[in-house]
Structures are given as C-alpha cells and as structure tokens.
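Let me begin by presenting the structure, written as structure tokens, before commenting on it.
No value in this document is a laboratory result; all are computed from the given coordinates. Remember, it's a predicted structure, so these values are computed and weren't measured experimentally. Quick reminder, even Gly has a Cβ in these numbers, built from the backbone with ideal geometry, and neighbours come from all protein chains shown.
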Amino acid sequence: MRKRNIFKSAAIGLACLLTATACNVEPTFYSQVAPETFYQSQDAVWQRFNRPFTHWRWYLAQSEARWNLQELGTDEICLPTRGSDWYNGAVFQNFHHHKYSDDMTAIKDGWSNYAMGVALAWDALEDLENVNFDALGFAEGTRESMLNQQKALVASFYLDGLDFFGGVPLYSTTQEEVKGRSSAQETFDYIEQLFNEAIPNLPIKADLGKAENGSINRATGAALLAKLYFNAEPYIGKAMYNEAAAICQDIIDGKYGKYELDTDWTKTFGFENETSTEIIWSVPSENAKLETQGVNWATMVPYNFKDYLGGLESSGGNNGYGLIPSYAPTGKKYDYKLGGIYEKFHDKDVRKQPYVYEGNGKHRGMFIVGKLVNPLNPNFVCKGGREYVGQVLEIVDMVGYLSKVGSKEYPTLESLPSTIAHAEENSCIRLIKRSPRPNQDEKNRMHDPDVPIIRLAEIYYTLAECKMREGKKAEAAQLINKVRARYFKDGDPNPVTAANLDKYRMLDEWMLEFLGEGRRRTDLIRWDAYVTEDWWDHKATNDKNLHRFPIHYEVLQANTLLEQNPGYE
C-alpha cells in the first residue's frame, strides 16, 4: 500500500472519520492500490471524488468543534453552567473568558479536523489524476472539474488552519514527510495560489436556482479567495480590502455564475433550500439519504423541546448553548456596545419571532423565546426538566437563578449574580436557524434543510465593509439595506445610513445577518474587537496572542517539528 506520511500528522486525535451513522476502523488489505484496480466505473470514480467531501460535510455541519472555535468566546454565543449541568471542568467558562490552554479537546479537534481534510483531498486528487476519464465515458471537462474541486477543498481547509492557528504545515502531496509549520505569510500565499489555480477550472452555475449539491462551483472558489483577502490584515498584516471588493463585485455581477438574494429568508434556511437563489455553497441534506443533523441542535434546544414540536422523534435537547443576554436579572438592559443580540433585532423584523413550524415545509421565526406553548398547536408545550419541572418553560433574555429569588441566599433580583457560571435551564434565548425541524406529523421532512455555508448576502456585506473602509459609507449602506429589506413588510424602520454606519453598527449588522453561522470570531478579530471589548460578564484581555488558538499538546507530541503559538509556551 502506498505510503501516506501526511496522514501521520493529520490523523492525530481522530478516532473516526466516518460521519453519519457508523465507524469501521478495521483495515482492508489489497495486494496493490492502483486506479485501474478500483476505478472501473463512473460510480467508483464519483465515490472516490466524494470521500473528502464526506469529511467536509461532517466537519462543517455536524461536528461542533469548528463551530465552537468560531462562536464560543464571542459576543454572540455562550454555553453557561446551568445548575449542575454543563460545567464540564469549566471548559465553556474558559472559552467565554478567553482562557485558552493546550489541553482543550475542541482545539485539538480544530487542528486535526482541518488537517485530515487536507490529507483526504490530496489523497483523492492523486488517485483521480491516474483515472482514464475518457475510457469510462465521462463528459469533457469532468476530470479538470474533479481535480480542481479537490484543490479548492484543500485551500478551504488551509484557510481554516490559518484563521485558527496562523502558519501551518503545508503539503502538496500525501507522500511528503511530516513537516514543521510554515509562516502565516507562506500559508496565505499557498492558499492564494491554490485558489488561483483552481477557480478558472471549476464548474460555473449557469442556471439561477439550480439545485446545489455541495460541489465547489466557481463562485464558491471566488468567495473563499475574497474571504482570504478580506481578512488579510489580521492574517499577514497587509490590508487587501480592494482585492476582496473586486471579487465580490464580480460575483454580484454574475461573472462567476447566476445568483440572487432570496426575498424570503426562510427560502435560504428552509426545507427546500437546495434551490435557493442565494446559496453559493451548502452542505446537502435529505431525509433518509444524506442526513445532516445540523451542528448544535441538541446542545442548543431545551431538554423537552421536542414536545413543542408535537413529540418530534430524534429531537431531544441537551439545553446548552444560548445567546449572550441583553438584560440583567433586574430587567435592566446592558449598555455594552457588543452582545445582547436579540434586542438588536427590531421588533418588526420577521425573524424576531418564536420558531413555529407551519406545515408543508413552511416555518417562521428563528428563536426559542418566551413561554414555550406552540401558538398553532396549544397542546404542544415544552416543560422544564430541572428548576422548572412540570411548568411550561419560559426562556428569558437574561442569566441568573431566577427560581431562587426570595431565598435566604438570594432575597432580591438585585442580589442575583449574572455570569456564565450562574445560569438556569431557562437562561438565554436559543437559536433555530440553519437546521429548522418540522412537527411530528411531518417527521419525514426532518433533515431536509441543507446547511448554508456561503451565500450571496455574505458577498454583499463583505463588499459593503470594504467600501466603508474606503470611506464610501453611503454605498456601503445601500448594499446592506438591500439585504435588510426582506425582513420588514412595511419598510425598514432603522436602515443603515452613512451617518450611523460605524465600527459597531457594522459589527451588529454582521451579527444580525449571520447569527450562529460560525464566523463571529473572525469578524471580531478583523475589527480588533475580539480581545479589546467587554460584553456581559466577559472582560477584555487586550492580549492579541489570543487571536490564535494554542496547538494541542498531543499534536505537538506527535509532531516534534511543530512550535507552539506565542503566549502559550
């Protein structure tokens, strides 16, 4: 069997790569491994092509590791200790307070998962390079498309590695010996090179609303390259907003394929969103086929939330994640510039409603908030499982031991602590967005929503911020308002203007539009707000070493050529 040195480094910490339902780690041995032995049909070739995408699908839409690195520790999401639940050795409290260490499992998985993606994609590319596509009857251009999609997939994984850790080991083949880290500049340059090589050879989406299937179209490659340039300043100390803006304008103009903003946000995040005109790249999902559970469903929703959905099977909750609160237990609104996102949604915003499944693939609202009585089916109620056993649970936009008010320890609301260590089961509003679910009577629609990864709204907002940084605030406002318009039936009551667009309004607009989509940390770092701002009970550290995570000690032990990031030695 061919020697795969890259896997020695990439596989550290991964017990299983199969993503859906099972894990078979028993090896299968062959007398030789060669394309002519295994790839004698188009189906076999497509299976080989899709293997790295299986890992990608799990990495982005099912594993919580990447999402945790992007969301916990920001002004968006927290996982508070709820009574005796979710202490977990204070790991989530440490995330919240930026007390990162080299023994955190999520950080180890963040490294291992991106690195294994690189290894799998290069492995597939090397096999596909030796397949005789003509002999198997493939359409012209299929070989180039497959090879360059693998190359773009490698670049996308390396982009995460750069974002999380800075410079990383760079490979161009699976047969290279284990390497030490390249610099951030070298990593940036290599990612740029891979995208520039791949993009002209990627398939282009010629039909508006054509069903997405997770493959990498030309617009996806362009959008990822724009993302690299957009964050170049924190990555390599060089601003490249003009380069990002040029790509974004080309995407909007249709140079890389046909896309339009959806006029209804539930089309983008709905049960038939594979035909959304806005989605550029998504993780496919379909009931009983490519089921994607949706990252964080169980950890987000209350214990008995399935009852709010008519007893929907396989939808139990673990009652963990919640939004950073807007209010103190006394009802006083926090005055921090960051955080408190729920109250930053205007009351007329159609998204600011309790989540309700309306039937026939339709839903409204994206929050679990207030008394959990289903307004369309009053018998569907979610009751408490801890402090509020037997009572209809009321989710509040605050954190504190509200059930203990009047006790000797907490005689008044004013006496309640409100920290990530002092939550109850009803603390913090929850988010249902990327993986909405039906009621039990339509259970076969569960898992039908695809998970959007890149969408046209991101391109509009990226271009808007680039124009804002250029001093063209009126043009920036116009771009943002074009997206905002779909959320208000009678006109936007608080549009973005040149007068009100500043750093904090821009950060708020990113959060309002992309809440829970796994990008918040990157946005905060780009605006130098990740370690310099306070929100709720999180206090600024002013330590820019925290812009990068430490490398897990097991990874360092497995590859002694690696060096730890500054500040974590």
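Key figures
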| read-out | value |
| --- | --- |
| DSSP-defined beta bridges in the chain - what % are antiparallel, rounded to 5 | 75 percent |
| Helix 473-484 axis, angle to the chain major axis (alpha carbon atoms, nearest 10°) | 80 degrees |
| Rounded to 5, percent antiparallel among DSSP beta bridges of region 308-463 | 75 percent |
| Helix 241-252 axis, angle to the chain major axis (alpha carbon atoms, nearest 10°) | 90 degrees |
| Degrees between helix 142-165 axis and first principal axis of the chain (Cα, 0 to 90, nearest 10) | 50 degrees |
| Note, ³J(HN,Hα) from phi for region 402-415, Karplus 6.51, -1.76, 1.60, rounded to Hz, x at Gly and Pro | 4, 5, 9, 4, x, 7, 4, 6, 10, x, 9, 4, 5, 7 |
| Rg(Cα)/(2.2 N^0.38 Å) for region 426-569, N = residue count | 1.36 |
| 11 Å beta-carbon shell around Glu442, net charge (K/R +1, D/E -1) | +1 |
| Cut-off 15 Å between beta-carbons: net charge of the residues surrounding Phe271, Lys and Arg +1, Asp and Glu -1 | -3 |
| For region 390-456 and region 72-146, distance of Cα centres in Å | 27 Å |
| Footprinting exposure proxy for Trp67, Trp297 (fewest neighbouring C-beta atoms within 10 Å first) | Trp297, Trp67 |
| Sum of side-chain charges, Glu475 neighbourhood, beta-carbon under 14 Å (Lys, Arg +1; Asp, Glu -1) | +3 |
| Long-range amide H partners of Glu358 with built H, under 5 Å | His363, Arg364 |
| Placed amide H near Lys205: partners under 5 Å, 5+ positions off or other chain | Arg218, Ala219, Lys258 |
